[in-house]
Amino acid sequence: MAYTALYRTFRPIKFADMVGQDHITKTLKNQIMAERVGHAYLFNGGRGTGKTSSAKILARAVNCLNLQDGEPCNECEICKEILNGSLTDVVEMDAASNNSVEDIRTIRDEVNFLPTKAKYRVYIIDEVHMLSVGAFNALLKTLEEPPEHVKFILATTEPQKLPTTILSRCQRFDFKKISNEDVIKRLKIICNEANIKINEEALNIIAVLSEGAMRDAISILERCSQESTEEITANVVKDLVGIPNLQYINKISKAILQNNEIDALSAVDEVINEGKDLYNFLWEIIKYIKDILVYKATGNLSLYSIEELEDIKSLAETANKDRLLGIIYGLSELENNLKWSNQKTIMFQTGIIKACMSVNMTSGDVQELQNRIDKLESKINNINSLENVQSSQNNYTSDKQSKVANAEIAPKRSVTTSNKINQSDFWRKVIDNLKQSKKMMLYTTLLNSRAVQIDDLNIEIEFPNGLTPFNEKVINDPNNRNDLMKAIFAITGNQMNIKLKDSKVKMPEEKEKKLPLQELGIDINIIE
């Protein structure tokens, strides 16, 4: 006897067997019992959610000789012939391979003939979005006003590709993704009837991997049952689909959160050497970081053992929510870039290094920095006020000759002074912009800097007290550099290149003098 795939063996034959689509099956049963079945239906939804199965059940139900509460009996002559595919009154067509005008014209010619045995001729057109423009046009009139003995059931995963003229002629039902709980319940029924031994953890993994598609879940289960003659465990499932062991996921997540590039790359090399799929590996890392975030927010998770929860708890204590969100977004971007890269391993490794370089600050650190910054700004404002008063007194003179001399020099000085003031105001606005945007790391790093050169294309940032390696790393971080360029663009309206300059100069001993901020005991490089 020929072998039949597990998903075909356990295909639902009643609406009651459908998983996770109660909102659709209830409506269809009510229509059947009230004898108000429409002439055209559109079943839309992701793969493996039950579109074709529902279409076949509906085709039997409208023709069943012994209908039971809106369900086909599957025992009468008509139901049996539809089930074994021998009844010509129910036609299934795959639009992916039969998408021409001629194929639809054949249907248009056939609908005029009465059914041979059944009450209705039912046409099930799968992947209907694959029909050509001419085929859609040929279908329009027939779909709008078919003979009373004809029913159309269209199924698709991409309804946006259908013409509105087709959509408006159909009753549309949207099939949703099946929840993990419903997938597990159905898999347990199948395992019980097929004598397949599997533990709860393995069922959970299969349900997550299926992503709401029941057919995918059953296919994974079937492959696992052929791989292992004994009980199917989580390790069997992971090995079969290429998911790395959780210890690798934990190791690389811990290295990322600790900014440890060496350990992260070591874990990556181990996984690559074992031949694991990079996409699955990256997906597992993203999911693990997400679970750390969920645990930090809610304090509980359901799919982990006690030991694994302890590891997640320790990692959740080392990072704040913003850091975890940033890592998830960064790795998701890496996942998209990985699809288009010819050097996937290199792209993957550099993406992991980038994730390790992101800076982590707790909410307490941010609040402490904010308090210290407020104190610094208050002291700086006091110093500026004193310097302005001193400057006003020094500039006053009653000597007429000095006034004339100053008048001659004034135009030259005014240009220079004006430029300096403009630069100072511009840079102060940029730094204020960073503060208002809550970019506290950049704000504190640039607080004691100044813009010494501005033109339409370039800006040079000078650090009078010296450019430390840490400050340079903060500014050169891709995300921080992008935020800084946005702040500059917001003030100037120009997209500028950023250059850094270390302008710290050692003063001669006889002329060495403390700067005003140092006299107040203020340490500008507060990050260090």
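The values are calculated or read from the model by the stated rules, or taken from the named source; none is laboratory data. These numbers come from a predicted model, not from an experiment. Please note: Cβ atoms are built from the backbone with ideal geometry, for glycine as well, and neighbour counts cover all protein chains shown. Just the protein is used for accessible areas: all its heavy atoms, side chains included, with ligands, DNA and RNA removed. Shrake-Rupley method; radii C 1.70, N 1.55, O 1.52, S 1.80 Å.
At a glance:
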quantity	calculated
Residue that is nearest to the chain's Cα centre (by Cα) [pool: residues in segment 88-98 that are surrounded by 18 or more Cβ atoms within 10 Å (Cβ to Cβ) and not charged (D, E, K, R)]	A95
Lone qualifier among A202, A138 - being over 25 Å from T25 (Cβ atoms) and in contact with a Lys or Arg (Cβ under 7 Å, 6 or more places away or on another chain)	A138
Pairs where the first residue, in segment 67-91, is farther than 23 Å from A155 by Cβ and free of Cβ contacts under 8 Å to residues at least 40 places away in the same chain and the second is of a type outside the set (K, R) and open to solvent by 30 Å² or more (accessible area, probe 1.4 Å), C-beta under 6 Å, 6+ apart	C73/N66; C76/L65; C76/N66
Qualifying residue in segment 78-87 (condition: crowded, with 19+ Cβ neighbours inside 10 Å and of a type in the set (D, E, K, R))	no
Verdict on N448 being at negative phi and either at pLDDT below 80 or surrounded by 12 or more Cβ atoms within 10 Å (Cβ to Cβ) (or both)	yes
Any hit, segment 260-271, residues being closer than 29 Å to P12 by Cβ, small (G, A, S) and in a helix (DSSP H, G or I)	no
Any hit, segment 258-275, residues being in contact with an Asp or Glu (Cβ under 9 Å, 6 or more places away or on another chain) and open to solvent by less than 50 Å² (accessible area, probe 1.4 Å)	no
Failed item in (1) outside any helix (DSSP H, G or I); (2) without any contact (Cβ under 8 Å) to a residue 24 or more places away in the chain; (3) more than 19 Å from W283 (Cβ to Cβ), with S314 passing the rest	(1)
Members of segment 195-214 found to be touching a Gly at 6+ places or on another chain (Cβ under 9 Å) and either in a helix (DSSP H, G or I) or modelled with pLDDT under 90 (or both), listed by number	S210, E211, G212, M214
Scope segment 100-116; condition open to solvent by 50 Å² or more (accessible area, probe 1.4 Å), farther than 17 Å from E148 by Cβ and not acidic (D, E); matching residues	R105, T106
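Per-residue answers, yes or no, for (1) within 25 Å of K117 (Cα to Cα); (2) at pLDDT 90 or above; (3) of a type in the set (D, E):
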residue: L6; (1), (2), (3): no, no, no
residue: T9; (1), (2), (3): no, no, no
residue: A16; (1), (2), (3): no, yes, no
residue: T27; (1), (2), (3): no, yes, no
residue: M33; (1), (2), (3): yes, yes, no
residue: G38; (1), (2), (3): yes, yes, no
residue: T49; (1), (2), (3): no, yes, no
residue: S54; (1), (2), (3): yes, yes, no
residue: C64; (1), (2), (3): yes, yes, no
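Each row is one residue, and each column tells you yes or no for (1) free of Cβ contacts under 8 Å to residues at least 40 places away in the same chain; (2) assigned to a helix (DSSP H, G or I).
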site: Y123; (1), (2): yes, no
site: L140; (1), (2): yes, yes
site: R172; (1), (2): no, no
site: K185; (1), (2): no, yes
site: E193; (1), (2): no, yes
